[in-house]
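The values are calculated or read from the model by the stated rules, or taken from the named source; none is laboratory data. The structure presented is a predicted model; accordingly, all values stated were derived computationally and were not measured. Note that each Cβ is placed from the backbone with ideal geometry, even for glycine, and that neighbours are counted across all protein chains shown.
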Amino acid sequence: MATKETTQRRPQRKTTRSGNPSSAAHKMPQRRKKRAPAADVVYTQPAPFNRDRFILMLLTVVAVVLALLFGMAIFFKVEVDNILVSGTHKYTAYDIVKASGIKDGEALLTLRKPEISGRIIEALPYVEKVRPRIKLPDTVIIEIEEADVVYSVEATDGSWWLIRADGRVVDKTNPADASRTTTVKGLRIADPVIGKQAVAEEPVPEETEEGAEQVTEQITVLGSEKLETLISILGFMEGNGIIGDATSVNVENPNNLELQYGTRYRVVLGDRLNLDHKIKSMKAAMDQMKDYSSGVLDVSFTVKETEVIFTPES
């Protein structure tokens, strides 16, 4: 009897191109996560401005600051022994402290620096600049800058006085010491007072035989004009680094100004126009000259408008 063979078919697995059955799982689509719905923006009205509350807060802050400052002002006191002075050569530290007017026990934080500087400069004419500073808890530092050079000028009574470049009277001197400074010629000052601005002697009219007043040609230039011209020259000299090198400055004739530079040069400045440019040109020319050169240096620019003329001594 013939038997009938039956065969069971096994289910075939689906394979990928790589032949790896498990890789199919990785190709299955992923479920997307649902995004949370966006929150709604709710707009609210700003709180109304409370003016009274703002003023109260402001006054509170101001009161706290003032209380702190007041407490610090009371706490930090000046001790005169702790006032430190530097930069002075003509005066002692005691002179500076005394002129400053600072008192022992004075509130450190309420010191008025401009007033301190003004008192020192007023009392001590050699002083040009003052820089006061404070250092907690009880120290004041005063930095002094004195005049680098002074100039000598004769007074109407024949005495000699020292002045600064700005025309302020510094001290009285004698002819011998005056000759060792830059001497002013063609100008005399009247009634000099130490620490005050110099006042030039003015020309006095002469009386003719008929009794009428007449001013001679030699005194037609006012002394104040001469002094103003002198201050300009000295200021421009110092501004260009010419400090103490000039032997004399002659302002007798403001249209023919001259100065003697050491023993080497007589410098012709001409009139009062463009003095700054003339002195700069003089300095530049002398820097180029040989050490043994001497003669007349004309920076009046009347011969040639753009050239300095040098005439050697014969």
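Points worth noting:
- Annotation for the stretch 108-123: no member residue is touching a residue at least 40 places away in the same chain (Cβ under 8 Å) and part of a loop (DSSP other than H, G, I, E, B).
- Looking across V204, V150, V184, V169, one residue alone is at pLDDT below 95, surrounded by 18 or more Cβ atoms within 10 Å (Cβ to Cβ) and hydrophobic (A, V, I, L, M, F, W, C). It is V150.
- There is no residue in the stretch 28-39 that is at pLDDT 75 or above, exposed (fewer than 10 other Cβ atoms within 10 Å of the Cβ) and more than 41 Å from the chain's Cα centre (by Cα).
- Within the stretch 157-166, tally of residues that are surrounded by fewer than 19 Cβ atoms within 10 Å (Cβ to Cβ), modelled with pLDDT of 95 or more and in contact with a helix residue (DSSP H, G or I) (Cβ under 8 Å, 6 or more places away or on another chain): 0
- Odd one out for I142, checked against (1) more than 19 Å from the chain's Cα centre (by Cα); (2) modelled with pLDDT of 95 or more; (3) closer than 24 Å to N82 by Cα: (1)
- Residue within the stretch 168-178 that is in contact (Cβ under 8 Å) with a residue 40 or more places away in the chain, farther than 30 Å from G244 by Cβ and out of contact with any Cys (no Cβ under 8 Å at 6 or more places or on another chain) present: no
- Considering S281, S300, S293, the condition of being in the same structural domain as T182 (by TED's automatic domain parsing), farther than 21 Å from S152 by Cα, in a helix (DSSP H, G or I) and not basic (K, R) is satisfied by S281 alone.
- Leading residue by the ranking (surrounded by the fewest Cβ atoms within 10 Å (Cβ to Cβ)) among those in the stretch 218-248 that are among the β-branched types (V, I, T) and over 28 Å from the mean Cα position of the chain (by Cα): T220
- Hits in the stretch 249-263 (condition: buried (at least 16 other Cβ atoms within 10 Å of the Cβ) and within 17 Å of F310 (Cβ to Cβ)): E258, L259, Q260, Y261
- Tally, over the stretch 100-136, of residues that are closer than 15 Å to A147 by Cβ and hydrophobic (A, V, I, L, M, F, W, C): 6
- I96 vs. criteria over 30 Å from A123 (Cβ atoms) and at pLDDT 75 or above: no
- Any hit, the stretch 83-90, residues being modelled with pLDDT under 95 and exposed (fewer than 10 other Cβ atoms within 10 Å of the Cβ): yes
- Residue match in the stretch 268-280 (condition: closer than 19 Å to T182 by Cα, touching a residue at least 24 places away in the same chain (Cβ under 8 Å) and surrounded by fewer than 17 Cβ atoms within 10 Å (Cβ to Cβ)): yes
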